[in-house]
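*Asks:* Supplied in structure tokens, the structure appears directly below.
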Amino acid sequence: MSLKAKEIYVNLPVKDLDKSVEFFQQIGFDFHPEMTDENATCMIVGENIFVMLLTEPFFETFTNKALGDSTKTTEVIVALSVDSRKDVNDMVNKALEAGGSTSNDPMDNEYMYAWSFQDIDGHLWEVMAMPEKKDENTN
């Protein structure tokens, strides 16, 4: 049997926790109040998917490596799948209206439609929708 995780937690350092929470609330995300204090909060992305927004000093307590400048370097792209092209556009447009910036132009091919943005700390988020494949045995 292969290894399977119960949940996923992505940890991201942020400069100003309150501003980051406000940014993601404007996009439409909710947070676990019981997992929130002055150092961190837990953003609910999916049923078993969470993003921990950690103040930079608190984030640094979890690693011996230097903290990168996410406005200049990239270590990860957080990719989210949504139901439709409209949902992709809605989420990215909300991010832009909330103070984020575009990362790449929309990508549209037969496999997926995707568009990406940078949050207010420079972290990269890609939002994608993949069309359902039609069963080759049906008309």
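*Asks:* Taking Cα atoms, how many degrees apart are the long axis of helix 17-27 and the longest axis of the chain, rounded to 10 and kept between 0 and 90?
*Replies:* 20
*Asks:* Could I ask something else about it? When DSSP assigns beta bridges and you keep just the ones with both residues in the chain, what percent turn out antiparallel, to the nearest 5?
*Replies:* 60
*Asks:* Another question about this same structure. How far, in degrees from 0 to 90, does helix 85-97 lean away from the longest principal axis of the Cα atoms of the chain, to the nearest 10?
*Replies:* The angle comes out at about 30 degrees.
*Asks:* To continue, here is another question. With the contact rule set at Cα under 8 Å and sequence spacing of 6 or more, what percent relative contact order holds for the chain?
*Replies:* Relative contact order of the chain: 22 percent.
*Asks:* For the cross-link pairs LYS15/LYS86; LYS19/LYS65; LYS15/LYS72; LYS19/LYS94, which exceed 23 Å when the distance is taken from alpha carbon to alpha carbon?
*Replies:* Going by Cα-Cα distance, LYS15/LYS86; LYS19/LYS65 fall outside the 23 Å limit.
*Asks:* So which trypsin sites (Lys or Arg not before Pro) in region 35-139 pass both tests, a DSSP loop state and at most 16 other Cβ atoms within 10 Å of the Cβ?
*Replies:* Hits after loop and neighbour filter: LYS65, LYS72, LYS133, LYS134.
*Asks:* Taking Rh as the Kirkwood radius computed over C-alpha pairs, what is the Stokes-Einstein D of region 1-66 at 20 °C in a medium of viscosity 1.002 mPa s, expressed in µm² per second?
*Replies:* Calculated translational D: 169 µm²/s.
*Asks:* Beyond 18 Å, what share of the Cα-Cα pairs of the chain is found? Please give it as a whole percent.
*Replies:* Of all Cα-Cα distances in the chain, 60 percent exceed 18 Å.
*Asks:* Here's a follow-up. Of all beta bridges DSSP finds with both residues in region 7-60, what is the antiparallel percent, to the nearest 5?
*Replies:* DSSP beta bridges in region 7-60 are roughly 55 percent antiparallel.
*Asks:* For a bin width of 5 Å, list the pair-distance distribution of region 73-134 built from all Cα-Cα distances, rounded to whole %.
*Replies:* 4, 20, 30, 24, 13, 6, 2, 1
*Asks:* Moving on to the next point. Compute, for region 48-88, the length of the dipole vector about the Cα centre, with Cβ point charges of +1 (Lys, Arg) and -1 (Asp, Glu) only. Units Debye, rounded to 20.
*Replies:* I would put it at about 140 debye.
*Asks:* Additional query: What number in nm² do you get for region 35-75 if you take the convex hull of its Cα atoms and divide its surface by four?
*Replies:* Over all viewing directions, region 35-75 projects a mean Cα-hull area of 3.8 nm².
Readers should treat all values here as calculations from the given coordinates under stated rules, not as data from a laboratory. In this text, all values refer to a predicted model and were calculated from it rather than measured experimentally. Don't worry about glycine lacking a Cβ; one is built from the backbone with ideal geometry, like all the others, and counts go over all protein chains shown.
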